[in-house]
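Derivation of every value follows stated rules applied to the coordinates shown; laboratory data play no part. This one's a predicted model, so the numbers in the text were calculated from it and none came from an experiment. FYI the Cβ positions are ideal-geometry reconstructions off the backbone, even for glycines, and counts take in every protein chain you see.
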Amino acid sequence: MSEYSIKCPACGQGNLKVRSMLYPIPFFNELVMFMIDCPACHFSENDVFSAEERRPSRWTIRVDNSSLLNTRVVRSGSGTIRLPDFGIDIEPGPAAESYISNVEGVLLRARPVIESAVNFADDERQRKKGRKILSMIDKAMKGEIPFTLIIEDPAGVSGIIPDDMRLVKYEELSTEEASQLKGAPLWVDELRSDYIERKG
């Protein structure tokens, strides 16, 4: 793990602590996860990126076997997650969470978002729909119903990496398709560039 300091993108002060760690992952070779923390304003964030330039991409897997819930998933701060069977799209925003997890972990992260939507829904019809989605997610986590997971990333860093790569569909996105996706905040791009320069 390496550590250095840069200017904080939130408060403009210096001394933003940046810690980075290399993760060797099949298909990507190496990914870099960085964690940042500002002692002045307490802004903190983490993201994952490739030190190599990658093409915008879409990864699709049909989870029709409970063993596939353990499939490794990489979601960067610019990754959009789609669960079409549940009607769920999770797009990146200023506080987008990046992580290296598995398919089950993606479902676990989606669940509180749906619960919050149910709690703040204006009418019973919306609450009923939300409860139905929660029930479907619970069944999916037990391997009782099949579902599709899609990850799209204009930076090409996110991905779905099963033990058998024949189980996942990988596509490079066109410039037009990539331009319609939300990307990571600009300061993330600056951190990536800074890391690559430091690496030489």
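Close amide H pairs (under 5 Å, H built 1.01 Å from N) link LEU173 with SER57, ARG58, residues at least 5 positions away or on another chain.
For region 75-92, putting each phi into the Karplus relation 6.51 cos²θ - 1.76 cosθ + 1.60 with θ = phi - 60° gives couplings of 10, 8, x, 10, x, 9, 9, 10, 10, x, 5, 9, x, 10, 10, 10, 9, x Hz, in residue order, rounded to whole numbers and with x for Gly and Pro.
Please arrange LYS142, LYS7 by how many other C-beta atoms lie within 10 Å of their C-beta, fewest to most.
Values: LYS142 10, LYS7 13.
By the 10 Å Cβ count, ascending: LYS142, LYS7.
Projecting the Cα atoms of THR148, GLY93, VAL74 onto the charge dipole of region 30-170, computed from C-beta unit charges around the Cα centre, puts THR148 farthest toward the positive end. Computed from the C-beta positions of ASP64 and MET21 and an R0 of 22 Å, the FRET efficiency is 0.05 to the nearest 0.05.
Relative to the Cα centre, the charge distribution of region 90-150, modelled as +1 at Lys and Arg Cβ and -1 at Asp and Glu Cβ, gives a dipole magnitude of about 260 debye.
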